[in-house]
Structure formats: C-alpha cells, structure tokens
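Data first, discussion second: the structure below is written as structure tokens.
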Amino acid sequence: MALYLGFDSSTQSLTALVLEVDDDAKRIVFESAIEFDRELPEYGTVHGVLPDSDPAAAVSSPLMWADALDRMMQRLAGGDLDLSRLAAISGSAQQHGSVYLNARAANGLAALDPARPLAGQVAEMLARPVAPIWMDTSTSVECAEIAEAAGGAAAVAQRTGSRPFERFTGPQIRKFFKRDPAAYATTDRIHLVSSFMASLLAGGHATLDPGDGSGMNLMDLEAGRWWTPAIDATAPALAGRLPSLASSSAIVGRLSPYWQRRYRLPPARVVAWSGDNPCTLVGTGLVREGRVAISLGTSDTIFGLMRTPRVDPSGTGHVFGSPTGDYMGLTCFKNGSLARERVRDAFGMTWDAFSRALDASPPGNDGRILIPWFEPEITPSVAVGGERRYGLAADDAPGNVRGVVEAQQLSLALHSRWMGVDIREIHATGGASVNRAILRVMADVFGADVIPFDVANSAALGAVLRAYHADRLADARPIEWDAVVADIAEPGDRGRIAPDARRHALYRDLLRVYEACEAHALGRGPDPEPAIAAWPAKHGNPL
C-alpha cells in the first residue's frame, strides 16, 4: 500500500492530505490544515495578506509559506502513519503569486541544514521580502504597457489564454522591475508559489507546469513555452529568470536530504506542483470534456476541461493548462452570494423563504429580467455597480428572487459559450449548492444534469491525485484519468437533478432576452422592452 501526499498552499492556509492506495482502492488517511493568521501570527497577516496602505496592493510572506510547510511536515512525522510508504508528493498553490530569489538559492536549497528551521534559511535567499498575490490589482498601467508592446490585448489573449490581467504574474513582475530595478537586478529566479514550494521540497529549483504557467500572461498556451513578445514586453533579461516549463506529471526531484534527516522521511518523488484552479479541475473529477463545475460561492465560477484552447473574445474568460495535458476554461462572476443575499435581505427572508419564493414564481419570470450587478462586476466588465430591472418592479419579492437566480444562471450560460463545450453534466459546489431550487434552475437553463458535489479541499485532493498519477507514469504503469478520480473525486448520482425539456426550451428564449437586456445595460444595444412585452403572448401560461 503506497501513500501519496498532496498540499494546497492557499491564500489563508496550508492544507495537507495523504492518500492511501491499495490495488487502486483509494482513501484519505490524513487531513490537516495550518491557518496562517491563527497559527503563524508572527508574520502579521490578515486573512493571509500583509496589511498595506494601498487598497489595490496585496502581498504576502514567502517565509510564512515556508514555515507552514516545515510545521506541516513535523505534524505528519509526529502522526501514526507509516511514512516509509510515502511514494510521491505534489501540491496546489494560489495562482499568480510570485517569489523572487537571489543567486544564493541555487546552492542554498540543496544545502539546507536539517537542524535549523526552514524559514530562517530561506530568508537569506530572498531578493524581495514579500510576494505579490492574486488579489493585487495595482498593475493596470503595466497591463496596458505589456498589451501595447506585445501587439494588443487580443493578441496577448490569443497566445497566453487571457488578456493582460492586473493579478497575473507578468504585470506584477513588470511593476517590480519599474519600482525597484536594483532588487530586480539581484533576482536570479522568479518562481510562482507552486514552483517555490516544490523547490523547497526537492532542494533545488523546480520546473513550472503549464497549468500554473498559463496564469502569467507569459506562456504560449498551445506551444507550452515562454512567449518571447510577452517576455520582452515585461522586463529585461526575464527569460533567464523564469523556471523551465515541464509537464504537469514531471518529477522535479526527490524529497531532499533536509526533509529526510529532519523528519525521517523517505526519498519520495516530488511531482511538479500546479495552480489551485488546475488542481481543482482534477479534484472535482473534471477530466472529460462535457463536464463542468459551477461554484456558487462569494463569487460564482464556471470551469471545465477543454480539448482545444479556445479563447474568450470578450476578454473576461481565462484558459489555463490542465494537468491532463488538455486545457481548462474558467469564467468568474463577482456578484454571486452577495447578490443573492442582497435580494433575500431586501425582503426580510430566510433562505427557506427565499427557496419557497423561487418555487412559487413562474419559470421565465414572465420575461422580466433583473441584472444583479449590485457591486462592480468582472463578467461582463462593469466599473460601477447598480442593479438594473426590465419589466420587474423593485418591490415584487418573488419576481426579484427568481430574477436574481435566473439572471445568474443565464449569465453563466451566456458567458461560458466561448468555451465551445457541449455541457452534459454540472458538478455544483459552494454554499448555495445545497439549495435544490437554485439547482433546478441551473439544470433547466443549461439543459444538463446537475449533481451537488460537497467536496472539501478539492485543490489538495487534486494535488494528491496528481501525485498518484505521476508516480504511476514514472513507474511505467500509466493509469487513465477516469480511473484516477473514480470513487473519490466524483459526486456519484446522489441528488442528481435532470433538466426539464420544456423549461430548457423556454430558457433558450429567455437567454436571448437576457442577452439583449445586458447589452442595453452596458450601453451596447437597443431597449429590450419590446421583447419583454411580447413574452406573455409567446409563452402563455408559465410551465
């Protein structure tokens, strides 16, 4: 029975899972998390982020991440698992964050003293004491500069999978070079959080996988190599400072002597780490095209596997590499649970009352539309928040409840069409996935089966399954991805909701009305009121 270790280094915590595999039967035998603010208060983070006077800036401490890794290994070693059976390790990390190491790191990583804590030794290798992370939105100027130098935002999106985004690593590197050229000059290697953590485990500079590399605005998505125009537009001599790109199943080394001696661990294989989004793809069982996940959380997100790297022409969606060797599409909507809560609270409802109001209102809402941009929106890009109503009174409680739910599902469907995927099954996750009334609307809008999927730590689960897959591949015993996720990263059939064909046909018509309303709200189309007025005559009594 082999053991596999998977990490997830997220914004606020480090999670570890251990998977035991016995004749391909899989079970989780260890699960633990270190919450940064609570267990590592000496680093001064708030929700994993260092306070900053600039509200657009978001940085964290690489030493805190190293310290958490050291403490988690100690926790593992002090448990009752037989870690001599540990075969391979991999990990997931928050995407887009970058760590800047000086020339001492090349030798220093290989010569770590097992008698000393990790963080103090890593401190000597940093060219920059902080790491900008995915929440940082301070690089609008740099995004524009990179786009102009590399042939325009559309050209960058076509090659890298996304237009230049503020939180992506390329613009963050450019900002660092501009603000502190002396520190940039001392930088020998720029890692992502994923390759930094893998380097700490392997005792040498680790490669970067395409799943995380594609979140930088620097990688040619189809070719799987650095794209020279973006590299040159970002900072001088950048190519030599970036990790090499390698397959997501690449073995970047063995667990270094530091860990073997410090915690009596075996020389397990260290598999390339990846970003949290690609790892979550595996951890939610999305290893075939036609399956997508919709996360109904603070933000609503739709993501799934794509066989070919189609790009969103609107510039709001993203394409990343997938651990399967394919691609993943992802679109995020800021007004998720916030918008649902706004409507619920406006009418003094409980969630049960919200669900009853949704069930009691007619599918299609008599053609009435609510555009729920209560806050500035990501998809589509809306700089100033404010809801818009078409044919819908602000004091109509059931109409607004159905309006917010239908609008969110219609928007998810509208703004995921660029993926070109025939969606047949949806894995619903996040807090609102417990609400079957909402999931019924989701199934009918998409015309796809919806399965509630209450999977905890999906990024860490994806990481540990990647370790298992890569270890089998390295032993010349390859295993199909369907078999990797079977029985552990799939929702099964419990709670499955099948779409109603008549309601799906109605929602196909309503999608055109919603699209017209959205275009009008954005100042890009005519008044949609005639289409709304014609709705009752066309559809008669609600289904």
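Here are some notes:
- The set of residues from the range 533-543 being surrounded by 14 or more Cβ atoms within 10 Å (Cβ to Cβ) and assigned to a loop (DSSP other than H, G, I, E, B) is empty.
- In summary, helices (runs of 4 or more DSSP H) completely within the range 430-532 and bearing 2 or more residues that are in contact with a strand residue (DSSP E or B) (Cβ under 8 Å, 6 or more places away or on another chain) occur at 436-446, 458-474, 501-521.
- Failed condition for LEU392, given (1) outside any loop (DSSP other than H, G, I, E, B); (2) within 23 Å of ALA519 (Cβ to Cβ); (3) more than 18 Å from the chain's Cα centre (by Cα): (1)
- Test for ALA182: is it free of Cβ contacts under 8 Å to residues at least 40 places away in the same chain, at negative phi and of a type outside the set (S, T, N, Q): yes
- Per the listing ASP493, ASP500, ASP475, ASP471, the residue uniquely farther than 30 Å from VAL382 by Cα, touching a residue at least 24 places away in the same chain (Cβ under 8 Å) and either of a type in the set (A, V, I, L, M, F, W, C) or exposed (fewer than 13 other Cβ atoms within 10 Å of the Cβ) (or both) is ASP493.
- Here the range 239-260 is the region considered, the condition is being open to solvent by less than 20 Å² (accessible area, probe 1.4 Å) and not small (Gly, Ala, Ser), and the residue that is farthest from GLY6 (Cα to Cα) is LEU242.
- Matching entry among ALA66, ALA56 (being out of contact with any strand residue (DSSP E or B) (no Cβ under 8 Å at 6 or more places or on another chain) and either on the phi > 0 side of the Ramachandran plot or in a loop (DSSP other than H, G, I, E, B) (or both)): ALA56
- A Cβ distance below 7 Å, combined with a sequence gap of six or more or placement on separate chains, defines the contacts here; from the range 310-327, residues that are without any contact (Cβ under 8 Å) to a residue 60 or more places away in the chain reach residues that are in a strand (DSSP E or B) in the pairs ASP326/LEU305; ASP326/MET306.
- Only a single item in (1) under 21 Å from PHE303 (Cα atoms); (2) open to solvent by less than 20 Å² (accessible area, probe 1.4 Å) is not met by LEU510, and it is number (1).
- Of residues in the range 33-66 being of a type in the set (D, E, K, R) and at pLDDT 95 or above, the one surrounded by the most Cβ atoms within 10 Å (Cβ to Cβ): ASP37
- Selection of first residues in the range 262-289 that are modelled with pLDDT under 95 and open to solvent by 10 Å² or more (accessible area, probe 1.4 Å) and of second residues that are hydrophobic (A, V, I, L, M, F, W, C) and part of a helix (DSSP H, G or I), restricted to Cβ pairs under 7 Å at least 6 apart or on distinct chains, gives the following pairs, ordered by first then second residue: ASP276/ALA459; THR280/ALA459.
- Test: residue in the range 449-456 that is of a type in the set (Phe, Trp, Tyr) and more than 30 Å from ALA537 (Cβ to Cβ): yes
- Among residues of the range 232-252 that are within 25 Å of ASP326 (Cα to Cα) and without any contact (Cβ under 8 Å) to a residue 60 or more places away in the chain, those with a Cβ under 8 angstrom from a residue that is assigned to a loop (DSSP other than H, G, I, E, B) and of a type in the set (Val, Ile, Thr), sequence gap 6+ or separate chain, pair up as PRO243/THR207; SER244/THR207; LEU245/THR207; ALA246/THR207; VAL252/THR207.
- So LEU76, is it of a type in the set (A, V, I, L, M, F, W, C), part of a helix (DSSP H, G or I), modelled with pLDDT of 95 or more and open to solvent by 30 Å² or more (accessible area, probe 1.4 Å): no
- Checking PHE320 against (1) among the aromatic types (Phe, Trp, Tyr); (2) open to solvent by less than 30 Å² (accessible area, probe 1.4 Å); (3) more than 21 Å from LEU461 (Cβ to Cβ), the condition it does not meet: (3)
- Of the residues making up the range 13-47, those that are without any contact (Cβ under 8 Å) to a residue 40 or more places away in the chain, in a loop (DSSP other than H, G, I, E, B) and not polar (S, T, N, Q) number 4.
- Of the listed requirements (1) touching a Pro at 6+ places or on another chain (Cβ under 6 Å); (2) open to solvent by less than 20 Å² (accessible area, probe 1.4 Å), ALA460 misses just one: (1).
- Scanning the range 1-12 for residues that are within 16 Å of GLN95 (Cβ to Cβ) and part of a strand (DSSP E or B) returns PHE7, ASP8, SER9.
- Yes/no for THR331 being open to solvent by less than 60 Å² (accessible area, probe 1.4 Å), touching a Leu at 6+ places or on another chain (Cβ under 9 Å), within 27 Å of ALA505 (Cβ to Cβ) and among the polar types (S, T, N, Q): yes
- Residues satisfying the stated conditions in the range 513-527, i.e. open to solvent by less than 60 Å² (accessible area, probe 1.4 Å) and farther than 28 Å from VAL450 by Cβ: LEU522, GLY525
The values are calculated or read from the model by the stated rules, or taken from the named source; none is laboratory data. This structure is a prediction, so every number in the text was calculated from the model and none was measured. Cβ: placed from backbone, ideal geometry, glycine included. Neighbour counts: every protein chain shown. Side chains are part of the model used for accessible areas, which takes the heavy atoms of the whole protein and leaves out ligands, DNA and RNA. Shrake-Rupley method; radii C 1.70, N 1.55, O 1.52, S 1.80 Å.
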